[in-house]
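Input: a single structure, listed below in structure tokens.
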Amino acid sequence: MKSATEYLWFNTPHRRDYINITQTVADIVRKSGIQEGFVMVSAMHITASIYVNDAEDGLIEDIDEWLETLAPFRENYRHHRTGEDNGDAHLKNLLMHHQVLVPITGGNMDLGPWQQIYYAEFDGRRKKRVIVKAIGE
Amino acid sequence: MKSATEYLWFNTPHRRDYINITQTVADIVRKSGIQEGFVMVSAMHITASIYVNDAEDGLIEDIDEWLETLAPFRENYRHHRTGEDNGDAHLKNLLMHHQVLVPITGGNMDLGPWQQIYYAEFDGRRKKRVIVKAIGE
Amino acid sequence: MKSATEYLWFNTPHRRDYINITQTVADIVRKSGIQEGFVMVSAMHITASIYVNDAEDGLIEDIDEWLETLAPFRENYRHHRTGEDNGDAHLKNLLMHHQVLVPITGGNMDLGPWQQIYYAEFDGRRKKRVIVKAIGE
């Protein structure tokens, strides 16, 4: 069994941002030399997500608006008694899930034609980390 | 390490459909000869999901109605400027997540008594693909 | 390749409960001797979830209230024609997802500073099971 582990760092300019990291993960997979296996991409923070969907700007705006409808910014989350103001970001993280697993076949990520891997930041302007870990053979 | 990879194809008669694929995945796992490991089942399209829940028709109708409430069909998604009309299907995919990982123990899928694997189609009447990939020993 | 499999049992006092199982999973990982790999934590029932987020009581109450808003208890789910009354618990399970995968690096779970693993029960006062399965080397 082979494995490879890398960490990606983000410090986004806005509170919410959606960053396509597909090429970065593809490069890590190729460098690993793993032919058959899985690569996990997982946010190490609880106010950010990793998801797979379309690289289409209109859709990304739709997603952002939709998340605000289902998990809105509010002043009065109980979590804010700790001094934080990011209760909505925790809920958005739960809704979008914080990780994906991508199959590796023949040495490359085995993604469908429109599948792109995104880092979604819900409480940015802070240093955040994502782990990319591949195992296989 | 052993691995096995298969692709399932779907072309559903309705725009939305829920198809139990548990037996198909179980057969792939047994054929692989893997005794201990994981099998991933992952939609390769961004308007379909894989989820694990109950094989109960009433519940499936409840799920479908609930998804329409939280991620409704609408004419005016920004994504529709591309000519598509499936913005809701992208959001339903994000809500339901596009993949599951099932443990393999003693040569079989290690599922609970009611856990069934479903392919959920949100933008059907098109050819769609699912990857089933097992790794282990 | 090494693997390790353990089952955790729960029988919660309330219908809904949120239980931090991070230490239990950490112990299983260390006992496995796996240095590099993945550990999966997955509910084996379809009315409970495993998620990763903050060990902060106010936030947990926020999450519980939020889930009740998006997937409310109702008398009239179609699923209840079977005699069950837990339709909402199935939907909460789908919203929160039933599993997480945690990277193992250098013999320990490779989690971010605030990432804690929770078992979320949505239909308690029954015996329920969670599988913890690690593979790696």
Which residue, of C:TYR51, C:TYR77, is more than 14 Å from chain A (Cβ to nearest Cβ) and open to solvent by less than 30 Å² (accessible area, probe 1.4 Å)? C:TYR77
For segment C:85-125, give me each residue that is farther than 14 Å from C:VAL29 by Cβ, out of contact with any strand residue (DSSP E or B) (no Cβ under 9 Å at 6 or more places or on another chain) and touching a residue at least 40 places away in the same chain (Cβ under 8 Å). C:ARG125
Of the residues in segment B:83-108, those that are over 17 Å from A:VAL52 (Cα atoms) and within 11 Å of chain C (Cβ to nearest Cβ) come to B:VAL102, B:PRO103, B:ILE104, B:THR105, B:GLY106
Identify all residues within segment A:105-123 that are farther than 19 Å from B:ALA134 by Cα and either open to solvent by 40 Å² or more (accessible area, probe 1.4 Å) or in contact with a helix residue (DSSP H, G or I) (Cβ under 9 Å, 6 or more places away or on another chain) (or both); write none if there are none. A:PRO113, A:TRP114, A:GLN115, A:GLN116, A:ILE117, A:TYR118, A:ALA120, A:GLU121, A:PHE122, A:ASP123
Residues (within 14 Å of B:GLN99 (Cα to Cα) and open to solvent by less than 10 Å² (accessible area, probe 1.4 Å)) located in segment B:18-45: B:ILE21, B:VAL25, B:PHE38, B:VAL39, B:MET40, B:VAL41, B:SER42, B:ALA43, B:MET44
Those residues of segment C:54-74 that are assigned to a helix (DSSP H, G or I), more than 14 Å from chain B (Cβ to nearest Cβ) and not acidic (Asp, Glu) come to a total of 4
Filter result for B:ILE60 (open to solvent by 10 Å² or more (accessible area, probe 1.4 Å), within 17 Å of B:ILE19 (Cβ to Cβ) and not hydroxyl-bearing (Ser, Thr, Tyr)): yes
Quick check on segment C:100-114. Is at least one of its residues of a type outside the set (Val, Ile, Thr), over 11 Å from the mean Cα position of the chain (by Cα) and closer than 14 Å to C:MET44 by Cα? no
Which residues, counting only those in segment C:95-128, are polar (S, T, N, Q) and under 24 Å from B:ASN93 (Cβ atoms)? C:GLN99
How many residues of segment A:125-137 are open to solvent by less than 10 Å² (accessible area, probe 1.4 Å) and not aliphatic (A, V, I, L, M)? The answer is 3
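The values are calculated or read from the model by the stated rules, or taken from the named source; none is laboratory data. All values reported here derive from a predicted model rather than from experimental measurement. For neighbour counting, all protein chains shown are included, and Cβ atoms are generated from backbone atoms with ideal geometry for every residue, glycine included. Just so you know, the surface numbers come from the protein's heavy atoms only, side chains and all, with ligands and any DNA or RNA stripped out. Shrake-Rupley method; radii C 1.70, N 1.55, O 1.52, S 1.80 Å.
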